[in-house]
1. Can you give me the P(r) profile for the chain? Cα pairs, bins 5 angstrom wide beginning at 0, each as a whole percent.
2. If the viscosity is 0.692 mPa s and the temperature 37 °C, what translational diffusion coefficient in µm²/s does Stokes-Einstein give for segment 89-182 when Rh comes from Kirkwood over Cα pairs?
3. Find out how many positive minus negative residues lie around residue 208, taking Lys and Arg as positive, Asp and Glu as negative, among other residues whose Cβ is under 13 Å from that of residue 208.
4. Roughly what percent of Cα-Cα pairs across segment 1-41 reach past 12 Å?
5. Can you pull the percent of Cα pairs in segment 1-79 with separation above 20 Å?
6. Report the normalised scattering of segment 126-172 as log10 I(q)/I(0) at q = 0.32 Å⁻¹, calculated by the Debye formula with identical scatterers on the alpha carbons.
7. Based on the Kirkwood radius over alpha-carbon pairs, what value in µm²/s does the Stokes-Einstein equation return for the translational diffusion coefficient of segment 132-254 at 10 °C and 1.306 mPa s?
8. Mind ordering 104-111, 168-175, 213-220 by average Cβ neighbours within 10 Å, highest first?
Amino acid sequence: MCIICGDDLEVGTEQLCRSNQCSGKVCRGCTEEYIKHSVEANSYMCTVIRCAACSERVPGSFWEPFASDDSKSKYLRNATTSLYFAQGGRSTWFVDDSAVQRFKPKQDDMVEELMAMAKDKDKDLVVALAAYHRGTTTADQFVSVLESSISPDHIIPKFRDIACLFLDIERRAGFQIAWLYKHPRMADGVCFKCKEPHDGQTCEQFNEEKYKDVEIKCCPRCGVATQKSFHCDHMVCVCGHEYKWTTLAAWGSS
């Protein structure tokens with residue numbers, strides 16, 4: 001029986017979740033609608049698709065065959081939007097599937113190069129890379145191991161190549177966002193957080209100078225300058241973070 005609509009399932013109905021511990025069953029129609037809702041509920045994020053029964057992460061290679069073309073298209077657009085950047089003739093920092101396919105023949109070489117740069121910490125990096133691929137660790141955890149194994153100065157020029165190691169869109173976008181929030185200044189000098197070049201200044205210093213005649217506050221999560229246009233205290237940043245204008249506390253906190 002489908003846990004969503006209650007209809008009986010045909011024998012052998014393929015399931016979205018592949019966990020041996022998951023006993024929940026969902027029919028094909030409900031699975032497609034569930035994926036559609038998950039994608040549309042997070043318009044500016046490359047959300048993790050989870051099992052409707054056990055909440056385990058479902059890899060893209062598992063859920064994509066159940067999704068409509070429209071849901072897959074919107075999911076890709078969400079990934080692109082989450083790394084949006086409108087400057088210098090580019091619109092996004094997101095490394096798309098075409099770039100991954102072009103880089104595929106070089107993936108093994110890239111891994112070997114990373115291990116060589118990591119030196120005595122190469123084993124930690126191998127474990128972290130494999131765990132992140134499987135989805136058993138978060139992007140923040142992987143980035144923490146990566147930056148402790150290799151100097152960020154050496155990572156920045158190879159940032160896009162490292163992203164190409166992840167075939168799964170959610171894993172790829174997650175790594176890029178996690179890295180850029182911690183190391184926002186890219187090789188071309190542009191800052192990911194505020195989308196402006198400002199060498200020698202923090203985002204806050206740059207924005208205070210740029211918007212000195214306008215009342216602005218910087219998002220407590222990503223540092224982007226925001227301006228309140230309505231009386232409501234509820235702010236929603238382009239990075240997805242929700243907070244209170246008056247206190248900068250997370251929205252919903254006491």
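FYI, it's all coordinate maths here, none of it is from the lab. Since this is a predicted model, take the numbers as computed values, not measurements. In this analysis, Cβ positions are derived from the backbone assuming ideal geometry, glycine residues included, and neighbour counts consider all displayed protein chains.
1. All Cα pairs, binned at 5 Å, distribute as 1, 6, 11, 14, 16, 14, 14, 11, 7, 4, 2, 1, 0, 0 percent.
2. Working: Rh = 13.4 Å.
Result for D is 246 µm²/s.
3. Here the charged neighbours net out to -2.
4. On the way: 490 of 820 pairs.
More than 12 Å apart: 60 percent of the Cα pairs in segment 1-41.
5. Considering segment 1-79, 27 percent of its Cα-Cα pairs are separated by more than 20 Å.
6. Debye output, listed in q order: -1.33.
7. Using the Kirkwood radius from Cα pairs, D works out to 98 µm²/s.
8. Final packing ranking: 168-175, 213-220, 104-111.
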